[in-house]
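The block underneath contains the structure these notes are about, expressed in structure tokens.
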Amino acid sequence: MLFNSNEFLFLFLPVALIAFHGLRVLGIRNYAFLALLLASIYFYAYWSVPYALVFIVSVVFNFLIGRGIMATGSRMLTAAGIIANLLLLGYFKYTNFLIEVIGEMGLADLPHLEIVLPIGISFYTFIQIAYLADICSGKAVEAKPVRYGLFVSFFPHMLAGPVVHHKEMMPQFAEAMPRQRLLRMLAVGSCLLVIGLVKKVLVADRIAMLANAMFAAAADGGEVDFFNAWVGILAYTLQIYFDFSGYSDMATGLALMFGIRFPANFNSPYRSTNIIAFWRRWHMTLSRLLRDYIYIPLGGNRKGPARRHMNLMATMVIGGAWHGAGWPFILWGFLHGLYLMINHFWNYQLGNKIKMPPILAMTITFLAVVIAWVPFRATDMQAVSSIYAAMLGLNGLSAPLELGTILGPLGMDPRAWGIEMVAANQRAQFYMNCSVLLLGMVLAFGAPNSIRILRRYRPVLNTRAVLLDGRSRNRLEWRPGLWSGILLGIGLFLVVRSINSAAPSEFLYFQF
């Protein structure tokens with residue numbers, strides 16, 4: 001069930017809200033959270049009942065293992081639990097990739113297995129591994145069954161995060177909430193839900209058409225030209241930004257509607273002036289998990305620069321493999337590991353000697369991220385190499401004639417750079433595409449993010465930290481009232497109209 005579907009918006013969500021808050025009003029809070037747990041399991045089972053059973057077995061298994069570790073303190077039991085989780089994830093996510101690698105090495109010719117990746121398996125596996133590790137190290141307390149089950153299965157974070165932590169979530173499932181605060185959180189949550197839907201349905205899905213055409217051509221073995229390669233990858237760069245930002249807003253808003261605050265997961269990452277800052281702003285909870293449970297256990301920065309660089313690379317390659325099974329994802333992780341190594345070298349060796357203007361640093365960081373998005377989106381390494389060749393101009397330099405019409409008066413005529421001008425097939429569509437990309441850039445780099453718009457209502461757990469990491473003020477702040485209600489109503493109307501005109505699209509992080 002997708003957040004951007006009629007079934008979710010007009011059936012599942014209203015029923016879940018009425019059941020949960022109705023039971024709380026009646027004073028039986030424990031049954032309210034039990035109802036929310038059952039609703040979350042139904043949310044998962046709506047997609048696949050068999051995989052819902054796999055999910056339930058995983059939750060029960062880890063809960064029992066956690067209790068066993070709590071009672072005995074056994075490291076062997078902890079290791080067994082972690083290995084069992086990794087085997088489950090490995091079977092569904094990496095079996096066919098290993099079969100392909102074995103075939104490429106000529107070791108055996110094994111058949112491809114028909115394995116469907118369960119939604120959210122990477123998320124619920126990793127948060128449970130972290131829970132077991134924290135129990136073993138004495139950082140977690142024994143959980144009650146309903147609280148633990150809800151911590152893992154709470155439906156707003158099931159599809160694409162955030163990667164929640166037990167110490168943030170489980171206490172919230174136990175606290176009482178005054179009615180006035182609950183009404184405020186319902187209003188703020190509804191606002192975030194609509195903002196997220198607008199980003200996903202009206203922005204990301206429209207930009208997707210530009211990206212899909214280029215990547216489909218590369219996947220089919222066709223030759224991509226210079227201009228279309230850059231338009232396609234810039235479109236995907238904006239698509240994944242608004243898709244994931246929209247999902248994060250929706251997840252945060254839905255959680256607030258049930259009185260729960262999530263940690264921030266997205267904080268205008270394209271405004272970062274270096275790649276370290278980018279990973280503090282993009283998928284923030286995943287960055288935290290990779291840091292706390294992979295980078296630091298490997299030694300972090302405690303054993304000298306060379307070891308730090310090795311640990312950074314290992315962490316990002318593992319992060320790439322976590323995102324998907326295939327060489328393109330590993331290349332994506334390698335590129336970001338390389339970026340981080342260069343960034344740390346710069347900070348320690350050159351940072352005090354060379355001061356880079358912020359706008360230049362932001363541009364370089366953005367281009368580095370754009371280049372790395374190619375393997376993240378491409379279907380295979382052949383498509384990756386084809387797109388990179390086109391971006392470098394190895395397939396020839398060409399651009400639409402209309403681009404010269406736009407840039408010529410600005411003194412930037414592409415013909416002066418030796419670029420061949422080709423008339424576009426559909427001039428109106430060309431100008432529309434350019435307008436969409438320009439609008440996306442303006443919003444990504446210029447507009448305040450949702451956390452800042454709703455800052456006075458503390459929409460996430462670490463609101464203050466997010467506000468300190470960026471502009472101190474912004475004029476656009478949401479407050480409940482007539483005009484804000486009208487704007488949200490218009491946004492929801494446009495979203496629903498778009499949903500009814502075509503089948504709802506999946507999130508880019510769906511089935512990771």
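Quick notes
- Hits in the range 376-391 - residues which are free of Cβ contacts under 8 Å to residues at least 40 places away in the same chain and over 21 Å from ILE419 (Cβ atoms): SER385
To keep it simple, each residue is scored yes or no on (1) part of a loop (DSSP other than H, G, I, E, B); (2) over 28 Å from ALA218 (Cα atoms); (3) aliphatic (A, V, I, L, M).
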{"site": "LEU289", "(1), (2), (3)": "no, yes, yes"}
{"site": "LEU340", "(1), (2), (3)": "no, yes, yes"}
{"site": "HIS344", "(1), (2), (3)": "no, yes, no"}
{"site": "PHE376", "(1), (2), (3)": "no, no, no"}
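- Flag for LEU338 being surrounded by fewer than 20 Cβ atoms within 10 Å (Cβ to Cβ), touching a Pro at 6+ places or on another chain (Cβ under 9 Å) and at pLDDT 95 or above: no
- Listed by first and then second residue, the pairs linking a residue in the range 304-321 that is touching a residue at least 24 places away in the same chain (Cβ under 8 Å) to a residue that is surrounded by 16 or more Cβ atoms within 10 Å (Cβ to Cβ) and among the hydroxyl-bearing types (Ser, Thr, Tyr), with Cβ atoms under 6 Å apart and 6 or more places separating them unless they lie on different chains, are THR315/TYR295.
- Filter result (exposed (fewer than 15 other Cβ atoms within 10 Å of the Cβ) and either over 22 Å from ARG147 (Cα atoms) or without any contact (Cβ under 8 Å) to a residue 40 or more places away in the chain (or both)) within the range 6-37: ASN6, GLU7, PHE10, LEU11, PRO14, VAL15, ILE18, GLY22, VAL25, LEU26, GLY27, ILE28
- As a summary of the residue check, GLY259 satisfies the conditions (1) out of contact with any Ser or Thr (no Cβ under 9 Å at 6 or more places or on another chain); (2) small (Gly, Ala, Ser); (3) in a helix (DSSP H, G or I) except for the one numbered (3).
- Within the range 348-375, being exposed (fewer than 14 other Cβ atoms within 10 Å of the Cβ), without any contact (Cβ under 8 Å) to a residue 12 or more places away in the chain and farther than 13 Å from SER272 by Cα holds for GLN349, LEU350, ASN352, LYS353, ILE354, LYS355.
- Any pair with Cβ under 6 angstrom, 6 or more apart, that starts in the range 282-300 at a residue that is on the phi > 0 side of the Ramachandran plot and of a type outside the set (A, V, I, L, M) and ends at one that is surrounded by fewer than 16 Cβ atoms within 10 Å (Cβ to Cβ) and in a helix (DSSP H, G or I): GLY299/ARG307
The values are calculated or read from the model by the stated rules, or taken from the named source; none is laboratory data. The shown structure was predicted, so the numbers you read here are calculated from the model rather than taken from an experiment. No Cβ is skipped: glycine too gets one built from the backbone with ideal geometry, and neighbour counts run over all protein chains shown.
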